[in-house]
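This report concerns only the one structure given below.
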Amino acid sequence: MAETKERLSTESWLMAGFRALARSGPQALKAEPLARELGTTKGSFYWHFNDVASFQSQMLELWETRAVDDISRFLDEEADPVRKLYMLGEISTSAAPEHGGDAVEPAIRAWAQSNHTAAYVVERVDQKRLDYLQGILADLDLSNPDFARLIYGAYIGMGTLSAKDGTDNKDAMSTLLAALLALRDA
């Protein structure tokens, strides 16, 4: 009897897209190479997506939701702004392996250099994250907007470095946050 293969979900395709993007760049975000990686046909891809552009849009939409909205909802459950800031630092330096690990966000940022849609989404994510971070810092009476930019710039830079060398940035981010929090007591 022939073995029946489980039908791939839209999310399975999107996760394969994140892995391919992190590994090979945006040129890998096409039906055929993704189908080959998943051991299926291009027909399955087109069952879930109208075209490659809609696939890429859904990838970016999912990344934005998980990179901003899901994290914000999770952090909003914490009332203490100091704990919330450290939790954010912890989240920002941990990678979701199913998304390709630490390499996904730098890969999306690299893609944004040559793709207007990706650039727009990255810009929107950056602004939402900065606004959220500024809110946490304001709750801590650290209202200088440069502090949020310093933390966020460090996060982006550390992510890029980790994508190349695999270094864990938890201690470095924690040190930066502790230094900024020390300014409250100075």
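The values are calculated or read from the model by the stated rules, or taken from the named source; none is laboratory data. Not measured: the values here are computed from a predicted model. A quick note on method: Cβ atoms are made from the backbone with ideal geometry, for glycine too, and the neighbour counts reach across all protein chains shown.
Does Val68 count as of a type in the set (Val, Ile, Thr), within 23 Å of Leu180 (Cβ to Cβ) and either within 15 Å of the chain's Cα centre (by Cα) or loosely packed, with under 14 Cβ neighbours inside 10 Å (or both)?
Taking the combined requirement at face value, the residue satisfies it.
Out of the residues in segment 119-151 that are at pLDDT 95 or above and of a type in the set (Ser, Thr, Tyr), state the one that is farthest from Glu90 (Cα to Cα).
By that ranking, first place goes to Tyr120.
Taking the conditions exactly as written (at pLDDT below 95 and part of a loop (DSSP other than H, G, I, E, B)), does Asp102 satisfy them or not?
Taking the combined requirement at face value, the residue does not satisfy it.
Table: residues versus (1) acidic (Asp, Glu); (2) within 15 Å of Thr117 (Cα to Cα); (3) in contact with a strand residue (DSSP E or B) (Cβ under 9 Å, 6 or more places away or on another chain).
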position: Leu29; (1), (2), (3): no, yes, no
position: Glu37; (1), (2), (3): yes, no, no
position: Gly43; (1), (2), (3): no, no, no
position: Tyr46; (1), (2), (3): no, no, no
position: Ser57; (1), (2), (3): no, yes, no
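Test of understanding: among Leu130, Leu142, Leu180, Leu150, which residue is aliphatic (A, V, I, L, M) and in a loop (DSSP other than H, G, I, E, B)? I'd like the intermediate steps shown before the answer.
Values: Leu130 fails: in a loop (DSSP other than H, G, I, E, B); Leu180 fails: in a loop (DSSP other than H, G, I, E, B); Leu150 fails: in a loop (DSSP other than H, G, I, E, B).
Answer to the check: Leu142.
May I ask you to list the residues in segment 153-170 that are assigned to a helix (DSSP H, G or I) and either β-branched (Val, Ile, Thr) or within 10 Å of Gly89 (Cβ to Cβ) (or both)?
Across segment 153-170, the qualifying residues are Ala154, Tyr155, Ile156, Thr160, Lys170.
Could you list, in sequence order, all residues of segment 144-186 that are surrounded by fewer than 18 Cβ atoms within 10 Å (Cβ to Cβ) and either in contact with a strand residue (DSSP E or B) (Cβ under 9 Å, 6 or more places away or on another chain) or of a type in the set (Ser, Thr, Tyr) (or both)?
Tyr152, Thr160, Thr167, Ser174, Thr175 - these are the residues of segment 144-186 that are surrounded by fewer than 18 Cβ atoms within 10 Å (Cβ to Cβ) and either in contact with a strand residue (DSSP E or B) (Cβ under 9 Å, 6 or more places away or on another chain) or of a type in the set (Ser, Thr, Tyr) (or both).
Go through segment 49-62 and give me each residue that's part of a helix (DSSP H, G or I) and either surrounded by fewer than 17 Cβ atoms within 10 Å (Cβ to Cβ) or at pLDDT below 95 (or both).
Val52, Ala53, Ser54, Ser57, Glu61
Of Gly25, Gly17, Gly43, which residue is out of contact with any Asp or Glu (no Cβ under 8 Å at 6 or more places or on another chain), touching a residue at least 40 places away in the same chain (Cβ under 8 Å) and surrounded by fewer than 17 Cβ atoms within 10 Å (Cβ to Cβ)? Give the derivation first.
Values: Gly17 fails: surrounded by fewer than 17 Cβ atoms within 10 Å (Cβ to Cβ); Gly43 fails: touching a residue at least 40 places away in the same chain (Cβ under 8 Å).
Result: Gly25 is the single residue among Gly25, Gly17, Gly43 that is out of contact with any Asp or Glu (no Cβ under 8 Å at 6 or more places or on another chain), touching a residue at least 40 places away in the same chain (Cβ under 8 Å) and surrounded by fewer than 17 Cβ atoms within 10 Å (Cβ to Cβ).
Could you tell me whether any residue of segment 97-104 is touching a residue at least 12 places away in the same chain (Cβ under 8 Å), of a type in the set (D, E, K, R) and over 26 Å from Val52 (Cβ atoms)?
no
For Ser94, state whether it is more than 13 Å from Phe18 (Cβ to Cβ), modelled with pLDDT under 95 and touching a helix residue (DSSP H, G or I) at 6+ places or on another chain (Cβ under 8 Å). Reasoning before the result, please.
Details: more than 13 Å from Phe18 (Cβ to Cβ): yes; modelled with pLDDT under 95: yes; touching a helix residue (DSSP H, G or I) at 6+ places or on another chain (Cβ under 8 Å): yes.
Yes: the conditions hold for Ser94.
Report yes if Val122 is in a helix (DSSP H, G or I), in contact (Cβ under 8 Å) with a residue 24 or more places away in the chain, out of contact with any Pro (no Cβ under 7 Å at 6 or more places or on another chain) and buried (at least 19 other Cβ atoms within 10 Å of the Cβ), otherwise no.
For Val122, the condition - in a helix (DSSP H, G or I), in contact (Cβ under 8 Å) with a residue 24 or more places away in the chain, out of contact with any Pro (no Cβ under 7 Å at 6 or more places or on another chain) and buried (at least 19 other Cβ atoms within 10 Å of the Cβ) - is not met.
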